[in-house]
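Peer 1: Structure below; questions to follow.
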Ligand code: ATP
Ligand code: MG
């Protein structure tokens, strides 16, 4: 598939493909960059009432708390944002304590961290310290998160409840002023646990510290905020202490809009309840549709968590930054991979293409392309009409060399019928094997046929040299071979007149090859299957596969013996000396085929009668010509005509080439016979025949049998024994 596309669109397609990939890469890169430059993610579920300030300084103010009227639920939740300070600070209006943090999100309680003043006593006396009274408010001291820390070097502290019942106490002592601050177990510091649901307390402190460390600091402090500094006796009396309060929502009506929240009773001193967003939902359960899935948490597989005001998925896969990095890496890898595979496939295609080109070049060379070019240039002017076809054109023309298109198979390959795009019907000859000796033949055929323009010679239209096996494209001759018409079963149509016309046309074409063409051409494979017939039964000589050009000053060429058994010139076979007279012998055999309607070699008969040419000569010599002729022909032709042609054949089949007539003379003789048969004079035997017939001067009935003839018969008998198999 890839190779078809590559073929169709070639480099252009691939370049476009690469451009698209690069554009894609840039687009993804831009998107990723844009994504990474997004503002930091903010808490998108609402926490304050719509239109209300939800933050003061860096403290979030969730409803029921609120800054300004209509923004809080009721007065205990009213918050004032003091903007006159260096950085704005929220204060819980009811107690005027600075708010450090308001939380709705603890799973089991709501908390509020406020800064409370440090309690200090420095004189040696018994001091009572009372807390703010949280009764009637939604707040109480958070026992688990706070501790009473007493810092000093000599004190005894008692924690009492509303009814002066002791809840706890501790004592501090110091070793000569040495304060140990790393734990609060009595040396410079002691602590008292805070009971739960405490909404009021009183501290009774007896201070007996002296000198430099005479002061005692007492604080109810968030356990997580305990630091050395806090218990330092030199701590400023204006220091503020973070104290954790719990709060409940009291009589706040919970919106019944959605089911993403749940409420249950709070643990405080009053009958309160608290509401929470369900797992995975964030926001404010006291607001309508206040519990939502934050934008950043949508699609989180392992849940969502909140860091300050930022939400992110639990697990590294959805951490926004990591996510962006991962996406970038994945995106880049994919694009890189695509580019890489793109390049790989480009390299692969380039290599494949190069290989294909090289192969084509190799085949072109192997198929004698250069030889052909060279020969064609030498014969310039004759090759104008020779077309070089591409493999694709011929594959399409023959329906991918379909079996249905096979016209026939010969010694050198298969011939296919093909339809060119211009509707011209052609015959395409595809060699079976490609070896150097056949290449030579192939090129010969191309060169010879390009020089020939004769109505009785099959026209070569072009060739294709790009394939492993060379391909030749001929004009299509529609009516089969002469061999088929002579030997195939069925009603016989080849009349005497047809025989004469076809043999005259063939003889003329061969005579033309021998003399009229710019360089004499010996066909070397004249036989009835190489004479094709068109719709008008016009003969066309085909198959110049074994043809050879003969330089004009040379009338004999030494060559490897080629031809078809039964048609082969015995002199050529024995001496390898090739001359035009070899074609004359073969043509003589074709004439015998026409006259007897027998095949040149019959494997069914005994050795004596196997070779038709020998049989024919023998019949003539034994004055039994009419015994071997086809009976129908005897009715159509005159005896004189039959004897004339018989003698002509006899001469063609002479053992010595020099005794054979030339093709020109044969053509003339046949033409004469044709004219005569059209204007018949006598059907009598005429021995006074001149010209060719004068060589033997056979009588009709009793031809003489001389020594020379019997020598020839004996020779041919020997020859046929030597030839073991047909070509
Ligand atoms: P050889 O290889 O010895 O010449 P052959 O003549 O039988 O044997 P091919 O020349 O390859 O073999 O031809 C095979 C068959 O293809 C022929 O017998 C003929 O039927 C058919 N043929 C060849 N050329 C043409 C053509 N130009 N038009 C139509 N049919 C053709
Ligand atoms: Mg042939």
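The values are calculated or read from the model by the stated rules, or taken from the named source; none is laboratory data. Note that this is a predicted model, so its numbers are computed, not measured. Positions of Cβ are backbone-derived with ideal geometry, glycine not excepted, and every protein chain shown enters the neighbour counts.
Peer 1: Can you name the residue in segment 411-436 that is farther than 18 Å from residue 394 by Cβ and either modelled with pLDDT of 75 or more or within 14 Å of ligand 1 (Cβ to nearest atom) (or both) and, of all such residues, is surrounded by the most Cβ atoms within 10 Å (Cβ to Cβ)?
Peer 2: Among residues in segment 411-436 that are farther than 18 Å from residue 394 by Cβ and either modelled with pLDDT of 75 or more or within 14 Å of ligand 1 (Cβ to nearest atom) (or both), the one surrounded by the most Cβ atoms within 10 Å (Cβ to Cβ) is 411.
Peer 1: Separate question: As an exercise: evaluate residue 113 against (1) more than 24 Å from residue 237 (Cα to Cα); (2) surrounded by 16 or more Cβ atoms within 10 Å (Cβ to Cβ) and give the number of the one condition it does not meet.
Peer 2: (1)
Peer 1: Looking at 382, 444, which is the one that is at pLDDT below 75 and in a loop (DSSP other than H, G, I, E, B)?
Peer 2: Of 382, 444, the one residue that is at pLDDT below 75 and in a loop (DSSP other than H, G, I, E, B) is 382.
Peer 1: Of the numbered conditions (1) surrounded by fewer than 16 Cβ atoms within 10 Å (Cβ to Cβ); (2) at pLDDT below 80; (3) farther than 20 Å from residue 128 by Cα, residue 185 fails exactly one; give the number of that condition.
Peer 2: Every listed condition holds for residue 185 apart from (2).
Peer 1: I'd like to check something: does segment 319-335 contain any residue that is at pLDDT below 80 and within 25 Å of residue 63 (Cα to Cα)?
Peer 2: no
Peer 1: Name, by its number, the condition in (1) modelled with pLDDT of 85 or more; (2) more than 16 Å from ligand 2 (Cβ to nearest atom); (3) in a loop (DSSP other than H, G, I, E, B) that does not hold for residue 526.
Peer 2: Unmet condition: (2).
Peer 1: How many of the residues making up segment 295-312 are closer than 14 Å to residue 283 by Cβ, touching a residue at least 60 places away in the same chain (Cβ under 8 Å) and touching a strand residue (DSSP E or B) at 6+ places or on another chain (Cβ under 7 Å)?
Peer 2: 3
Peer 1: Another question, then. When only residues in segment 391-410 that are away from ligand 1 (no atom under 16 Å from the Cβ) and on the phi > 0 side of the Ramachandran plot count, which is surrounded by the fewest Cβ atoms within 10 Å (Cβ to Cβ)?
Peer 2: Filtering segment 391-410 for residues that are away from ligand 1 (no atom under 16 Å from the Cβ) and on the phi > 0 side of the Ramachandran plot, the one surrounded by the fewest Cβ atoms within 10 Å (Cβ to Cβ) comes out as 400.
Peer 1: Can you pull out every residue in segment 95-115 that is within 17 Å of residue 142 (Cβ to Cβ) and either at pLDDT below 85 or part of a loop (DSSP other than H, G, I, E, B) (or both)?
Peer 2: 95, 104, 105, 106, 107, 108, 109
Peer 1: Can I ask one more? Is it fair to say residue 276 is at pLDDT 85 or above and within 60 Å of the chain's Cα centre (by Cα)?
Peer 2: Considered against the rule, which asks whether it is at pLDDT 85 or above and within 60 Å of the chain's Cα centre (by Cα), residue 276 comes out as no.
Peer 1: Also: Taking residue 134 as the residue in question, decide whether it is surrounded by 18 or more Cβ atoms within 10 Å (Cβ to Cβ), touching a residue at least 12 places away in the same chain (Cβ under 8 Å) and not in a loop (DSSP other than H, G, I, E, B).
Peer 2: no
Peer 1: Ok, one more. Filter segment 470-495 for residues that are surrounded by 15 or more Cβ atoms within 10 Å (Cβ to Cβ), at pLDDT below 85 and either over 17 Å from residue 417 (Cα atoms) or more than 16 Å from ligand 2 (Cβ to nearest atom) (or both) and give the result.
Peer 2: The one that is surrounded by 15 or more Cβ atoms within 10 Å (Cβ to Cβ), at pLDDT below 85 and either over 17 Å from residue 417 (Cα atoms) or more than 16 Å from ligand 2 (Cβ to nearest atom) (or both): 494.
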